[in-house]
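Step one of this worksheet: look at the structure below.
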Amino acid sequence: MIPELVDPVVWSDIKNQIDGDFGQGVTQKVLADLVPVMLERNENQSIYLIPNDWVRSLNMDFEGFTLSSLGTWLGDLSDGRFRLSIAILDQIARYTDRQLVVSRRGAESFTYGRSILRASVVKLTPTLKRRQRVIVKDTRGDCIGLAALSVDASRIDRLGPEKLVAKNLVDIGWYIRRFG
Amino acid sequence: MAIKRERELAKRLAKEYGYLPYMIERYLALWGEEETREFLEACERPIRTAIRVNTLKAEVEEVIGRLKDKGVKLERIPWLPEGFWAEFDELSPGALTEHMLGFYYIQGVPSMTVTRVLDPQPGEIVMDLAAAPGGKTTHVAQLMRNEGIVVAIEQDRLRLGSLKSNVYRCGVTNAIILRGDARKVRQLGIVPDRILLDAPCSGEGLIPIDPSRKTSKKMPDIRFCATVEDELLDAAVDVLAPGGTMVYATCSIAPEENEYIVDAILGRHPEMRVASIDQEFGSPGYTNPYGIEMNNSLSLARRFLPHRHGTEGFFICKLVKEGDDQ
Ligand SMILES: C[S@@+](CC[C@H](N)C(=O)[O-])C[C@H]1O[C@@H](n2cnc3c(N)ncnc32)[C@H](O)[C@@H]1O
């Protein structure tokens, strides 16, 4: 398996999605001087960011071996949809205010794969709208995952404590649940 | 007569401690009765949990502070700046947020020591030929501060998943992960500055952690492992850059998988020599195991032994290849 440079059209879609979710210029900040490359696997493609000077080693075919991962895992493309990887979230978190801070109990339940209820919300950027993806942090400021708002932030004060605020898209418990 | 007595003693001890007799016979031949008993007793005691703070994700002091706040008791390991013995009591070491955040890796003391002995430097090309689940790959990347390349090879598809998971969790960004048989590493055409071969082995050092090992492996299993270890080490020697450094390690205490393997390599590869290890730990490698004469420089290798060092058993040998550093 040989990594390929990401097609500019595909890259521009990915960039628009990330910037749309987290703010203009965020993708470029995360990318810095790295280069996006793509690895085909089954029906999906995984996108990685690698240093410029690795690009010439892409011509290597890793004969007899299967390339499984390289550099920084940005995310996966499947059926034309791009999903951010858990591994890139704390970098994105540095550059965006689109964040949701959850209580200690909320964080615990979130890292077991559960979604976020009103009772757990400590802080949410008020201008955010339904479907917005947000970086989820605990009260210490650790980035613990990614969620999608199920309500406009402006409306959460009207919700009861058990009402869903954000759906878990991925969380750091994945590392443990997936491979123990 | 003496042989008969030793056989009977081996049988008795094997029964008493639940081992296959051939193992005890080898221990008696290697260590004599007193040390064998010490070893068998030590293997009945649990090994202390240890963690390595992952400085790619957090500062040592920050992690110590956070874990202490949670009631984890930590004690520094003298020769490992990022290593700590850790008592988690009723907490589960793998389930803490700090673990999921990649702030630490739960890792045996000998394993952390292996990577420190390799001493990978930022900017180098380092190969880890038997990488999953990535304890040492992530440590290599940590010591390289994510600069340079660590090529991590693993053959087993399932274990590859845990390798990737750990690499991502620990914030490693300079790894190239390949699935395949590291005995074919020559085909890659990569000339690494350093190689880590934490070889697949019979696990004879892990008895304190996994008592089923007392009966799960027979002599042919050890011979089979030794063959693979020899082939892996041979391939590693071929690709290592002139002037390069390599560490051969196993979690086995069997000389058949350790000193024998390195001794044979030294015989076939005059360009290789055993190098001394700077860190102070463990005891010297054997130069005369079972009365078989080995290359004297094997005393520069190090062994961790449950009855001497309170850790799982491990063998660590640092080798250098003649030639100019590039
Ligand atoms: C002792 S474990 C490595 C532990 C790892 N270095 C760590 O610190 O987490 C040995 C690994 O080698 C793998 N392996 C066995 N034979 C191999 C081969 N021929 N090529 C590559 N990997 C191999 C096994 O699947 C196993 O994961």
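Every number in this text was worked out from the coordinates using simple rules, so none of it is lab data. Please read these numbers as outputs of a predicted model, since none were measured by experiment. Heads up, the Cβs are rebuilt from the backbone with ideal geometry, glycines too, and the neighbour counts pull from every protein chain shown.
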Ellipticity estimate at 222 nm from DSSP helix runs (n ≥ 4, -39,500 (n - 2.57)) divided over chain B, nearest 500: -11500 deg cm²/dmol
Residue-averaged [θ]222 nm for chain A, counting only DSSP H segments that reach four residues, each worth -39500 (n - 2.57): -5500 deg cm²/dmol
- prompt: Using a simple spin-label model with points 7 Å from Cα along the Cα→Cβ vector, what separation in nm is obtained for B:GLU41 and A:LYS129?
  reply: 7.4
task: Any of A:LYS15/B:LYS184; B:LYS70/B:LYS214; B:LYS68/B:LYS214; B:LYS184/B:LYS321 with alpha carbons more than 27 Å apart? Name them for me.
output: A:LYS15/B:LYS184; B:LYS70/B:LYS214; B:LYS68/B:LYS214
field: When the convex hull of its Cα atoms is projected in every direction, mean area for region B:1-88 (nm²)
entry: 8.1
Cα-based equivalent ellipsoid, region B:63-103: semi-axes from gyration tensor eigenvalues, Å: 17, 12, 9
statement: With the convex hull built on the alpha-carbon atoms of region B:184-326, volume per residue in Å³ sits at 114
field: Computed E for A:ASP7/B:THR215 - FRET, C-beta separation, R0 51 angstrom, nearest 0.05
entry: 0.35
task: Determine the shielding of peptide A:167-177 by partner chains: average, over its residues, the number of Cβ atoms on other chains within 10 angstrom of each Cβ.
output: 3
- line: With Cα springs under 10 Å, the Gaussian network model of chain B assigns the largest mean-square fluctuation among B:THR138, B:THR227, B:THR311 to B:THR227
- prompt: What pairs in A:LYS167/B:LYS164; A:LYS137/B:LYS164; B:LYS4/B:LYS218; B:LYS57/B:LYS217 have C-alpha atoms more than 28 Å from each other?
  reply: B:LYS57/B:LYS217
field: Rg over Rh [alpha-carbon atoms, Kirkwood Rh] for region B:250-289
entry: 0.97
Fraction of the pair-distance distribution of region B:2-42 above 12 Å, Cα-Cα pairs, percent: 50
query: In straight Cα distance, which aspartates and glutamates are under 16 Å from A:LYS29, not counting same-chain residues fewer than 8 positions off?
result: A:ASP19, A:ASP21, A:ASP90, A:ASP97
statement: Counting other chain Cβ atoms within 10 Å of each Cβ in B:159-171 and taking the mean gives 4
- request: Could you bin all the Cα-Cα distances of chain B into 20 Å bins starting at 0 and give me the percent of pairs in each, rounded to whole numbers?
  value: 32, 58, 11, 0
query: Using Cα-only point scatterers and the Debye equation, what is log10 of I(q)/I(0) for region A:42-180 at each q in 0.17, 0.18 Å⁻¹, rounded to two decimals?
result: -0.93, -1.01
- request: Have a look at B:ALA50, B:ALA58, B:ALA249 and tell me which one the Gaussian network model of chain B (Cα, springs below 10 Å) gives the largest fluctuation.
  value: B:ALA58
Rg followed by Dmax, in Å, when region B:162-246 is reduced to its Cα trace: 15.8, 42
query: If one takes the longest principal axis of the Cα atoms in chain A, at what angle in degrees, from 0 to 90 and to the nearest 10, does the Cα axis of helix A:8-22 lie?
result: 20
- line: If unit charges are put on Cβ atoms (+1 for Lys and Arg, -1 for Asp and Glu) and the dipole of region A:21-106 is taken about its Cα centre, the option from A:TRP54, A:GLN99, A:ALA32 lying farthest towards the positive end turns out to be A:GLN99
message: For a quick check of your reading of the filter: which GluC sites (Glu not before Pro) in region A:1-108 sit in a DSSP loop and have no more than 14 other Cβ atoms within 10 Å?
response: A:GLU43, A:GLU63
query: Considering the dipole of region B:109-321 built from charges on the beta carbon (Lys and Arg +1, Asp and Glu -1) around the Cα centre, which of B:LEU178, B:ILE190, B:MET294 is farthest to its positive end?
result: B:LEU178
message: If each residue of separation counts as 0.36 nm, what is the full-extension length gain between B:GLU293 and B:GLN187 once their alpha-carbon separation is subtracted?
response: 34.7 nm
- request: Find the centroid of the Cα atoms in region B:1-76 and in region B:263-326, then give the distance between the two in whole Å.
  value: 20
field: Candidates B:LEU67, B:LEU80, B:LEU96, ranked by Gaussian network fluctuation over chain B, Cα under 10 Å, top entry
entry: B:LEU96
field: the protein assembly as shown - convex hull of the alpha-carbon atoms, volume per residue in Å³
entry: 149
- request: Report, in debye and to the nearest 20, how large the dipole of chain A comes out about its Cα centre when Lys and Arg carry +1 and Asp and Glu carry -1 on their Cβ.
  value: 1240
statement: Given a Förster distance of 25 Å, the FRET efficiency implied by the Cβ-Cβ spacing of A:ALA32 and B:GLN121, rounded to the nearest 0.05, works out to 0.65
query: Once Rh for region B:83-158 is found with the Kirkwood sum over Cα pairs, what is the Stokes-Einstein diffusion coefficient at 10 °C and 1.306 mPa s, in µm²/s?
result: 117
Cα pair distances exceeding 19 angstrom across region A:97-179, given as percent: 26
message: Rounded to the nearest angstrom and ordered from largest down, what semi-axes does the equivalent ellipsoid of region B:189-234 get from its C-alpha gyration tensor (root of 5λ)?
response: 27, 14, 5
